[in-house]
């Protein structure tokens, strides 16, 4: 069944083309000499130069980065706490309600979430800006973090925590010295997930941003409404490159670690 | 001068290290532990033995502090330990899964408990070194748990739980994950370490051979109750019930009606068969249902009819050859099957009996134990 039949080749090609063709075209046209995005006029990197000189884009990038860093850190702390309580505490009043509610923002439409937060901020008379975007992003990103972390906690051998307690560690020391280092990979992927979610969110940010705090997706979206410029192609290409390098590095590192671990385990059993 | 035999449970002046006082544990409707009274003495190697689900692990987890009794009290050195959290008990536990911290080296695993006590650095160094030496792990101090073999991991777990010199060490199926050969070696190692350190050990196991080998006393449990608590030889030679006799080793059980005269009981067990005789210290009422328990190695098998009591004729139904021993299954005319065991002192070619041979089985009056349940 490992043979590549013509049918398999065709469906594979179609599938990947569907996924990646738009991006490939975008990348190619970012190196276009012409100002018109649909006409090829030779290779050039001038739009990248233009981009670096465009202060509005740079400001937006800075805001986005700031929001994403704050959001992912805050969401990771809150999401990990929520996951820990949900998995470890077996019975407490309102557990079912709490566990249902923590996952609700996952299925809630972004528009509703954004609107409700906007109304809340107006009601509380909070000035909209970076802080409100961070709060809004944290609200939904922490749910994703808690899903990732709790899947790791479920697989976690409970007796490790009992062993730490048995050896005289307080519950907090147990969490800090045993639980956290072991679930660290899940916490880190939760952080990365929250970072990405915050980075590319447009809807919720549009509702909760103030005049001085435009994020990059908002900037791109409003720029595109005036017509697609090759500058945006260049910006998108940079973002694709960053994400690709990140994903490939992460998977290489984790694969290497797994292979090394397997080799060491085999060596230990032979000895 | 004769050496004093270690038997604090027979000494009325001795105070126990651990006392369970009418302890019960319920999980919802399920009763895991049912009104247990038990005393364990310092320096004992005490085994909790029973099938899975009998409550032995729950009993141990109550000592460690991971479960609290639903009713009753547990005393450790005279102090009620119910309000003491697990991290403040002078009790350490070796887990069935070993529960080694995967992100820490062997050295750091062993030092974990000592560091929590806030001891001085050189003191920790010395103690960890001592533990590594005791468990012959010096070479592996810098390795991570996944870089050592299963047997070595078992020794790390032991070293870690012994490092704080606990009053009481709990071992939850400590040898379950090892293969048979390694398990037997490790049993003797455990006994040596227990003797060297003078720590009280409580071991949970479902392996009756393991309990018999290592323990000074064995508690046989079933469905949350203690069935019998005694030394291994008493458990084997004088079981308290058919359950214990059957759980420990191999046994022939014959049901009958008792006729007691003094310390002798005649048991009517089948129509038209002579009564079987046995000595006992119990009292049986007339015609009371009773059970004769006879170990296979105490049943003699012969071609000629032997003289004496308890002689039955039958036919060889099956032979289980175990190398050093052979077990003959002898079918009686009544349908009962009696197991008789013989040491194979001769080469197999000269085995005296074969399938369908007519043989006699017999045992002495003191070989059988009469049980009332």
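Rule-based calculations on the coordinates, nothing more; no lab input. Just so you know, these numbers come straight off a predicted model, no measurement behind them. FYI the Cβ positions are ideal-geometry reconstructions off the backbone, even for glycines, and counts take in every protein chain you see.
Provide Rg and Dmax in Å for the stretch B:250-371, with only Cα atoms included in the calculation.
Answer for the stretch B:250-371, Rg first and Dmax second: 14.9, 49 Å.
With n ≥ 4 as the cut-off for DSSP H runs, can you work out [θ] at 222 nm for chain A, using -39500 (n - 2.57) per run divided by the number of residues, rounded to the nearest 500? Before the final figure, lay out each step's value.
Numbers: 12 runs with 210 residues, N = 271.
It comes out at -26000 deg cm²/dmol, rounded to the nearest 500.
Using 0.36 nm per residue, how much length does the chain from residue A:104 to residue A:41 gain when fully extended, once their Cα-Cα distance is taken away?
Separation in residues times 0.36 nm, less the Cα-Cα distance, equals 17.7 nm.
Which value results when the Cα radius of gyration for the stretch B:143-188 is divided by 2.2 N^0.38 Å?
1.21
To the nearest Å, what is the center-to-center distance of the stretch A:69-146 and the stretch B:224-262, using C-alpha atoms only?
The stretch A:69-146 and the stretch B:224-262 have Cα centres separated by 63 Å.
If packing is taken as the mean number of other Cβ atoms within 10 Å per residue, what is the order of B:129-142, B:223-236, highest first? Don't skip to the answer; put the middle values down first.
Numbers: B:129-142: 16.1, B:223-236: 18.5.
Put in order of decreasing packing, that is B:223-236, B:129-142.
Volume per residue, Å³, of the convex hull around the alpha-carbon atoms of the stretch B:86-146?
Working: hull volume 6.4 nm³, N = 61.
In the stretch B:86-146, the Cα hull volume divided by residue count equals 105 Å³.
Can you give me the Cα centroid spacing of the stretch B:51-89 and the stretch A:174-249 in angstrom?
Each part reduced to its Cα centre gives a spacing of 51 Å.
More than 15 Å apart: what percent of Cα pairs in the stretch A:147-253 qualify?
On the way: 4229 of 5671 pairs.
Cα-Cα pairs in the stretch A:147-253 separated by more than 15 Å: 75 percent.
Give the Rg/Rh ratio for the stretch A:169-225, taking Rg as the radius of gyration of the Cα atoms and Rh as the Kirkwood radius, to two decimals.
Result: Rg/Rh = 1.30.
Rounded to the nearest 0.05, what FRET efficiency do residue B:344 and residue B:84 give with R0 = 60 Å and r taken as the Cβ-Cβ distance? Could you check?
Using R0 = 60 Å, I get an efficiency of 0.65.
For chain A, what ratio Rg/Rh do Cα atoms give with a Kirkwood hydrodynamic radius? Could the numbers behind the result be given before it?
Details: Rg = 23.4 Å, Rh = 22.2 Å.
With Rg and the Kirkwood Rh in hand, the quotient comes to 1.05.
Averaged across orientations, what area in nm² does the convex hull of the alpha carbons in the stretch A:119-166 project?
On the way: hull surface 21.4 nm².
Taking the Cα atoms of the stretch A:119-166, their convex hull projects to 5.3 nm² on average.
Please report Rg over Rh for the stretch A:83-207, where both radii come from the alpha carbon positions and Rh follows the Kirkwood definition.
Taking Rh as the inverse mean 1/r over Cα pairs, Rg/Rh reads 1.06.
How much length is gained on full extension from residue A:243 to residue A:89, taking 0.36 nm per residue of separation minus their Cα-Cα distance?
51.8 nm
Between the stretch B:110-155 and the stretch B:291-362, what is the separation of their alpha carbon centroids in Å?
Centre-to-centre (Cα) distance: 53 Å.
Distance in nm between label sites at residue B:311 and residue A:260, each 7 Å beyond Cα in the beta-carbon direction?
Inter-label distance under the simple model: 7.8 nm.
Given just the C-alpha atoms of chain B, how large is their convex hull per residue in cubic angstrom?
Enclosed volume per residue, from the Cα hull, is 210 Å³.
Tell me the mean residue ellipticity at 222 nm calculated for chain B from its helices only (DSSP H runs of n ≥ 4, each -39500 (n - 2.57), averaged over every residue, nearest 500). Could the numbers behind the result be given before it?
Details: 8 runs with 84 residues, N = 373.
Rounded to the nearest 500, it is -6500 deg cm²/dmol.
Consider just the alpha-carbon atoms of the stretch B:38-94 and return their Rg together with their Dmax, both in angstrom.
Cα-based Rg and Dmax for the stretch B:38-94 come out at 11.6, 31 Å.
Provide the gained length on full extension for the span residue A:13 to residue A:176, in nm with one decimal, where the gain is 0.36 nm per separating residue minus the Cα-Cα distance.
53.9 nm
Expressed as an acute angle from 0 to 90° and rounded to the nearest 10, what is the orientation of the C-alpha long axis of helix A:130-154 relative to the principal long axis of chain A?
50 degrees
Counting each pair of different Cα atoms once, what's the Kirkwood radius of the stretch B:1-147 in Å, rounded to one decimal?
The answer is 18.2 Å.
Note the direction-averaged projected area, equal to a quarter of the hull surface, for the Cα convex hull of the protein assembly as shown, in nm².
Average of the hull's projected areas for the protein assembly as shown equals 47.5 nm².
Show me the three semi-axes of the equivalent ellipsoid for the stretch B:161-218, from the C-alpha gyration tensor (sqrt of 5 times each eigenvalue), largest first, rounded to whole Å.
Semi-axes from the Cα gyration tensor: 19, 12, 11 Å.
Given 10 °C and 1.306 mPa s, how large is the Stokes-Einstein diffusion coefficient of the stretch B:289-339 in µm²/s, with Rh as the Kirkwood radius over Cα pairs?
Answer from the Stokes-Einstein relation: 130 µm²/s.
FRET efficiency for residue B:195 and residue A:125, Cβ-Cβ distance as r, R0 = 51 Å, nearest 0.05?
Efficiency at R0 = 51 Å is approximately 0.10.
In whole Å, what are the extents of the stretch A:1-86 along the principal axes defined by its C-alpha atoms, from largest to smallest?
53, 51, 16
For helix B:150-162, report the angle its Cα long axis makes with the longest principal axis of the Cα atoms of chain B; keep it between 0 and 90° and round to the nearest 10°.
70 degrees
For labels at residue A:97 and residue B:97 in the simple 7 Å Cα→Cβ model, what's the distance in nm?
About 3.3 nm, to one decimal.
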